[in-house]
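Working notes, beginning with the structure itself.
The values are calculated or read from the model by the stated rules, or taken from the named source; none is laboratory data. What you see is a predicted model; the values in this text were computed from it and never measured. Cβ: placed from backbone, ideal geometry, glycine included. Neighbour counts: every protein chain shown.
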Amino acid sequence: MKLVDVRFHAPRGLEEALALLEGLKDARVMAGGTDLLVDIKQGLREVRDIVSLHRIAELKGIEDEGDRLRIGALVTVRELASNAAVAKHIPALADAARSMASEQIRSIATIGGNISSAVPSADLPPPLIAADAGVELESSRSARRMSLLEFFTGPRETVCLATELLRSVVIPLPPPNTGISYFRFTLREASALAVASVACRITLKSGVVDRATVVLGAVAPTPILANKASRSLLGKNPSAELFREAASHAKEEAKPISDIRGCVWHRKELVHVLTQRALAEALERALGKAEVAE
Amino acid sequence: MSPVEIPRDFHRLIVLKVNGESYPLAVRDGDTLLDVLRDKLRLTGTKKGCDLGACGACTVLLDGEPRNSCLILAAACEGKEITTIEGIGKDGGLHPVQRAFVNHGAIQCGFCTSGMVMSAVALVERNPDPTAAEIREALSGNLCRCTGYGRIVEAVKNWKRYESADQPPEHRGDLKKHDVVGRSVPRVDAVEKVTGRAKYAADLYLQNLLHGKILHSPIPHGVIKKIDTSAAEALPGVKLVLTGKDVPDITYGVSPARYDEHVLAKEKVRHVGDEVAAVFAVDEVTAERALDLIDVEYEELPAVFDPVEATKEGAPVIHEKSKNNINTVVDHHFGDVDKGFAEADLVWEEEFVGNHVYQSPIEPHASIAHWEDDGHTLVLYSSTQVPHYVHYMVARVLDIPLGRIRVMRPPVGGGFGVKAATTPLDLLTALASQKLGRPVKMVYTRKEMYLYGRGRHKQHMRFRIGLTKEGRITAVQSRIFLDGGAYTSFGVITAYYAGSMIPTLYYIPNYRYEGFRVMTNKPACGAMRGHGAPQPRFAFECLLNMMADELGIDPVEIRLLNAIDANTRTRNELDVRSCEFKATLTEVARETRWKEKYGKLPPGHGIGIGCGGFVSGAGYAIYRGQVQRSSEKTPHPFVKRAVFPHANAIVKVSEDGTAVVLLILAAEIGQGSSTVLSQLCAEALGVSLKRVRIRTEDSDICPLDLGAYSSRTTLMGGNAVVRAAKDVLKKLLGSVSELWGCSPEALEVKDEQIVEKGGEGRAMAWAEAARKYFNDNGPLVGTGWYKPPEGLGGDYKGAAVGTSPAFSFGSSVCECSVDLETGKVRIERFTDYHDCGTPVNPQAVHGQVEGAVVMGAGETIMEEVVYDEKGNILNPDLHHYLIMTMKDAPEIMSGVVDSYEPEGPYGAKEVGEGATLPVLAAVAHAIANATGVWVKELPITPERILKAMRATEG
Ligand SMILES: Cc1cc2nc3c(=O)[nH]c(=O)nc-3n(C[C@H](O)[C@H](O)[C@H](O)COP(=O)(O)OP(=O)(O)OC[C@H]3O[C@@H](n4cnc5c(N)ncnc54)[C@H](O)[C@@H]3O)c2cc1C
Ligand code: FES
Ligand code: FES
């Protein structure tokens, strides 16, 4: 199948889209198309029907629902980078969005597509996982929700069925004294995929780490939690030394492969460095976020 | 055979609103906006550079936002306002951003320009006063391979200065000596390019056009057992399928001693991507579908990918002719290196490994052919740097006289060497259009460009230098294996250049170079900017820096001590006339405050130096003998002189005397040759540049010029142009002197007037004089030509490579920072001083340097074509093959030193390639200076830096 052979569908609403997915075999949904069209053009994916989501209003918009942010699957990376609510509550997500791709790609690439592609180096999942994000999936028959971490099953593999759509991403607003950060390493300054990436979250209570999450990207088949690293921080006073120790755990927990962007050794070294930097930044943000307490 | 399943296209009618107009269109569901804009609306200002969202050349505005039109389906664009480059001008004029691009020198080949302008327009619409950082961010999705980006940033920053009347920048370093030469005038083709009106080869759509596609070998080495094309032929819309048996049994290539390519593989395939068959059909899609229906049976042979392995006993043999896969051996020995090393106080030997990099012009190769005059004359449009060599090679393969071929070279979107050879596209379109009686067009995809290859040879180098304790060079020895890929192409020449350019900077009393070009099962390597020389230059300069440190001599001082002077015969017998190498060193050291910085920067910050230089035009043509079909002539023994003029020009004055048309086949590929040649012409004629129009595209009209390689155009083309202009002037002054009854010597040209010398005398307008000339004598035409001087270079085998009428020199200083924890390098600043003789257009000179710096810096730290163990390229696209973006590019300060080349027009020589040579070593040195470790393998990636640092930590 070549791109010119596909059949294009542009449903006007969610229901119509879901009905189409139910009825078509070998169909693929398309949001921005920046992954899908590249894959089809390169012959990496056999697709007969493209169901474009671009007209579906239900999938657009970022909403502040009081205790959480709901981000529609069609929200573009550029919107994430410039949205006030995102900047206020999850600046790490804005950081990740800004760091991605190029201006042109960011203005069309979507959060739903970035997640659903499940490319190990994707930039949005690590900070989202660090922020405890969940995803809502919907088909014409059912709806389900799960944590983003559970959504991924392998490189370019997710639990999302062919008849399902990722509808929105839901992020609980971080509690007070919480900081989230995202660091990535790339081989050039723009339009480059991550060689390794780390998102960290720290919640402080009376000066000690009450909750910590270390998420690693591009160093395993899916984004992964560095559990040992996270645990090593709990109940401790944050310090550079503590972070270094946690980073050493993260380095052990990373399961990278060697490819054109980097070898196992370098990727592990990067995890070690990025984890320390990300923890330091998360701490700074956590300390700065005390006043957000309501 | 199973019945052919005919794929069904899903078509729909849509209405697209483009540049304010509504167009009802029938499109396929899967058509991208880019293809519809180009193929259906013929809005070809929007370019296809990669088709995968990675280059930005296709950028259009969708409801005001910049988008890659290659990644949007047209069907999804209904109801949106689409704006293309053709739609941003106001009232028939240019958008201020466009005017800024024209005036700030932000355009070279122009292929990235439309996309760049669109991104810039989108930016200034929402942020009218962007900072440099904001510009670099907003435009970082637009790759440019030519400019080095700095002038684009300047243009966007200054766009408001063009909102009403233009306020162009002051040009640093313009000369006041002449009227037109030495002035930073905008390019003569700038407006065509900034408006998207310039038609590159792929932008041409002839009537009744057919499209061709190539079937590439999926295996690295094998024998073709059987090809079944019947299913492909049966596909409706397919007009012709060609395989090896249908193409002439005549080999082609570049180096005349080693023509080893067939248009399509005859028996064997030698690399993944080798051309096996070609399909010609009503459209590209049909041709592509047909490719899938061709059934090829291969007997796979063992393959070899490493040049050292390839030379070992028992390695797979790629060409029967090349024993042990060794394609060329060079052994040059001047003086006595053993004696030289014995005299040295310090002798160091190091191994260096280069990288296989790819030129990556943003424009993919394209060719279109058709036959005129009832099939008598082939007309071939090609995106080539060397129309004449294409002409010669097509005549060879088709075995027809050159006189039956007309080569057209539309504007070329960058070359850097990858368009310096005849391509399968040139030959296949010529053959197929002859068989079909219809025009045929072929365009490479980005991936096919990599499969075709011709990138830089990866060189495995061992260098040895001997120095006295004062730092004087006593001997230099190198042994280099060049990984050539599966065919010779330029390779023999490359192997010679790898040795011949080393002794052109420093006095080297004893010099030995052994070179081995080895064949491997990968796409052939070819000539890339600096041809063969950059990697050895990198190795040599790095080793010199290491040894200078060891001896406690400043790297600048050690260079000044050894640098050659003007009028030197180098150890390998090259004649250098003008040479201000030392001045480039002292200038670059002064400008960067080298002495205050070297060895005094904190860890993680480094400064480094590298030098280099290059020929200003190869002294000999690539083929031997006369301009003649190769089958007609007995192989010409090598003669130590140019057989025919390498550059030729005609200057023709319009009958009303108000315009001058300059005809020369010189290939404008972005480097600015058309502008520079026009300036030289205007200067020599004494008219303003506005009166000169240059035509370079048509071999029927323009006299032969060998093309854009070996940095030859300014010097050689320039000399021919000046001579032709002087020929015109002589005729003109002669006729005026007759009229006035004085001697022609008593006349001169001033401000477009013919006047009597000494002022106060009679005067006649230039145009009036030209009109009168026509009345009495018919056409006012002058001709000029340039042949490199006789007797260039030595008499030894291979002496021809490296000979040149003139040589350029340059010194670069790189300042960088390195993240010592991750190994990441940030190239902060580059300072380059170049001896290019008289800068005919300083802005163009700086543009060449800046482009070379960014290309060279990227080559040093991030570029490399990577293969898997089966010979497949793992990064054949612009998203994974990394070239620097606007955010990576350093700040660049480019300067020229006072210099005058007696052999050049108005004292000019080259800058295009020479500027690449100092860069690699300067970067490597700066990194070593920042980290304390030398990485001797390119590219110097973060991973390698970190590993080297860990290794020294123990
Ligand atoms: C030049 C270039 C640079 C890039 N750089 C980066 C980078 O730096 N970092 C990075 O992370 N990515 C990068 N990408 C990848 C890509 O742009 C992002 O992953 C983007 O977010 C994908 O979003 P999209 O809307 O374009 O997805 P699409 O291509 O539309 O879809 C991607 C996949 O997700 C599925 N999908 C999309 N939406 C849904 C949904 N709502 N429900 C279920 N399935 C869905 C599609 O079927 C498809 O399989 C780059 C891509 C390009 C071309
Ligand atoms: S052609 Fe669209 S980004 Fe390169
Ligand atoms: S001018 Fe930018 S690619 Fe040539």
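The one condition from (1) over 18 Å from A:ILE108 (Cα atoms); (2) at the interface with chain A (Cβ under 10 Å from one of its Cβ atoms) that B:THR59 does not meet is (1). Residues in region B:20-53 that are on the phi > 0 side of the Ramachandran plot and in contact with a Lys or Arg (Cβ under 8 Å, 6 or more places away or on another chain): B:ASP51 only.
All of A:SER107, A:SER139, A:SER116 fail the test of being touching a residue at least 24 places away in the same chain (Cβ under 8 Å) and touching a Cys at 6+ places or on another chain (Cβ under 8 Å), apart from A:SER116. Comparison of A:THR213, A:THR222 shows that the only residue that is closer than 21 Å to A:PRO155 by Cβ, away from chain B (no Cβ under 14 Å) and at pLDDT 95 or above is A:THR222.
Just to be sure before I move on: is B:MET519 touching a residue at least 40 places away in the same chain (Cβ under 8 Å) and under 29 Å from B:LYS595 (Cα atoms) in the structure I sent?
no
Listed here are the strands (runs of 3 or more DSSP E) enclosed by region B:212-314 that have at least 1 residues being surrounded by fewer than 18 Cβ atoms within 10 Å (Cβ to Cβ): B:222-228, B:295-300.
Yes/no matrix, rows are residues, columns are (1) more than 10 Å from chain A (Cβ to nearest Cβ); (2) aliphatic (A, V, I, L, M); (3) surrounded by 23 or more Cβ atoms within 10 Å (Cβ to Cβ); (4) part of a loop (DSSP other than H, G, I, E, B):
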| position | (1), (2), (3), (4) |
| --- | --- |
| B:ARG829 | yes, no, no, no |
| B:TYR833 | yes, no, yes, no |
| B:VAL854 | yes, yes, yes, no |
| B:ALA857 | yes, yes, yes, no |
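Close Cβ contacts (under 6 Å, 6 or more residues apart or on different chains) running from residues in region B:918-946 that are within 14 Å of chain A (Cβ to nearest Cβ) to residues that are surrounded by fewer than 24 Cβ atoms within 10 Å (Cβ to Cβ) and of a type in the set (Lys, Arg) comprise B:VAL935/B:ARG944; B:PRO942/B:LYS824.
Number of residues in region B:127-141 that are polar (S, T, N, Q), in contact with an Asp or Glu (Cβ under 9 Å, 6 or more places away or on another chain) and more than 16 Å from ligand 2 (Cβ to nearest atom): the value is 1. Annotation: of all residues in region B:69-122 being among the hydroxyl-bearing types (Ser, Thr, Tyr) and within 16 Å of ligand 1 (Cβ to nearest atom), the one that is nearest to B:ASN142 (Cα to Cα) is B:SER119. Of all the numbered requirements in (1) aliphatic (A, V, I, L, M); (2) away from chain A (no Cβ under 14 Å); (3) away from ligand 3 (no atom under 16 Å from the Cβ), B:VAL97 misses one, and that requirement is (3).
To keep it simple, each residue is scored yes or no on (1) closer than 21 Å to A:HIS89 by Cα; (2) under 15 Å from the mean Cα position of the chain (by Cα).
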{"residue": "A:TYR182", "(1), (2)": "yes, yes"}
{"residue": "A:ALA199", "(1), (2)": "yes, yes"}
{"residue": "A:VAL208", "(1), (2)": "no, no"}
{"residue": "A:VAL215", "(1), (2)": "yes, yes"}
{"residue": "A:ALA218", "(1), (2)": "no, yes"}
{"residue": "A:PRO221", "(1), (2)": "no, yes"}
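For the residues A:VAL119, A:VAL29, the requirement of being within 14 Å of chain B (Cβ to nearest Cβ), at pLDDT 95 or above and in contact with a Pro (Cβ under 9 Å, 6 or more places away or on another chain) singles out A:VAL119. Checking the condition more than 11 Å from every other protein chain (Cβ to nearest Cβ), away from ligand 3 (no atom under 14 Å from the Cβ) and touching a Ser or Thr at 6+ places or on another chain (Cβ under 6 Å), which residue from B:THR131, B:THR84 passes? Just a single option satisfies the conditions, and that option is B:THR84.
Matching residues to (1) away from chain A (no Cβ under 14 Å); (2) surrounded by 24 or more Cβ atoms within 10 Å (Cβ to Cβ); (3) among the charged types (D, E, K, R):
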residue: B:PHE101; (1), (2), (3): yes, yes, no
residue: B:GLN108; (1), (2), (3): yes, yes, no
residue: B:PHE111; (1), (2), (3): yes, yes, no
residue: B:VAL117; (1), (2), (3): no, yes, no
residue: B:ARG136; (1), (2), (3): no, no, yes
residue: B:CYS144; (1), (2), (3): no, yes, no
residue: B:ALA155; (1), (2), (3): yes, yes, no
residue: B:ALA165; (1), (2), (3): yes, no, no
residue: B:LYS176; (1), (2), (3): yes, no, yes
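Number of residues in region B:402-419 that are on the phi < 0 side of the Ramachandran plot, hydrophobic (A, V, I, L, M, F, W, C) and within 16 Å of ligand 3 (Cβ to nearest atom): the value is 2. Only one of (1) under 30 Å from B:LYS887 (Cβ atoms); (2) touching a strand residue (DSSP E or B) at 6+ places or on another chain (Cβ under 9 Å); (3) touching a residue at least 40 places away in the same chain (Cβ under 8 Å) is not met by A:ASN83, so which one is it? Going through the list (1) under 30 Å from B:LYS887 (Cβ atoms); (2) touching a strand residue (DSSP E or B) at 6+ places or on another chain (Cβ under 9 Å); (3) touching a residue at least 40 places away in the same chain (Cβ under 8 Å), A:ASN83 breaks only (3). With respect to B:GLY49, is the statement that it is crowded, with 23+ Cβ neighbours inside 10 Å and touching a Leu at 6+ places or on another chain (Cβ under 6 Å) true? No; evaluated as a whole, the condition is false for this residue. Residue selection: A:LYS2 fails the criterion of being touching a strand residue (DSSP E or B) at 6+ places or on another chain (Cβ under 9 Å), within 30 Å of B:GLU284 (Cβ to Cβ) and either surrounded by fewer than 18 Cβ atoms within 10 Å (Cβ to Cβ) or within 12 Å of another protein chain (Cβ to nearest Cβ) (or both). Please find, within region A:40-67, the residue that is nearest to ligand 1 (Cβ to nearest atom) out of those that are buried (at least 18 other Cβ atoms within 10 Å of the Cβ) and within 11 Å of chain B (Cβ to nearest Cβ). Checked region A:40-67; the qualifying residue nearest to ligand 1 (Cβ to nearest atom) is A:LEU53.
Of the residues making up region A:91-108, those that are among the aliphatic types (A, V, I, L, M) and either closer than 25 Å to A:PRO174 by Cβ or away from chain B (no Cβ under 11 Å) (or both) are A:ALA92, A:LEU93, A:ALA94, A:ALA96, A:ALA97, A:MET100. Screening B:SER119 against (1) under 30 Å from the mean Cα position of the chain (by Cα); (2) more than 16 Å from ligand 3 (Cβ to nearest atom) leaves a single unmet condition, (2).
Among the residues of region B:12-26, the one identified as away from every other protein chain (no Cβ under 13 Å) and among the basic types (Lys, Arg) is B:LYS17. In summary, helices (runs of 4 or more DSSP H) completely within region A:93-200 and bearing 3 or more residues that are within 13 Å of ligand 1 (Cβ to nearest atom) and under 29 Å from B:CYS58 (Cβ atoms) occur at A:103-106, A:111-117.
The residue pairs whose first member lies in region A:24-51 and is at positive phi, whose second member is away from ligand 2 (no atom under 14 Å from the Cβ) and not in a loop (DSSP other than H, G, I, E, B), and whose beta carbons are closer than 7 Å, counting only pairs six or more residues apart or on different chains, are A:ASP26/A:ASP49. If I go through region A:18-34 residue by residue, how many of them are under 22 Å from A:ILE108 (Cβ atoms) and in a loop (DSSP other than H, G, I, E, B)? Number of matching residues: 4.
Among strands (runs of 3 or more DSSP E) entirely within region B:359-455, having at least 1 residues that are closer than 23 Å to B:ARG712 by Cα singles out B:377-382, B:405-408.
Residues that are crowded, with 18+ Cβ neighbours inside 10 Å and of a type in the set (Lys, Arg) are absent from region B:693-703.
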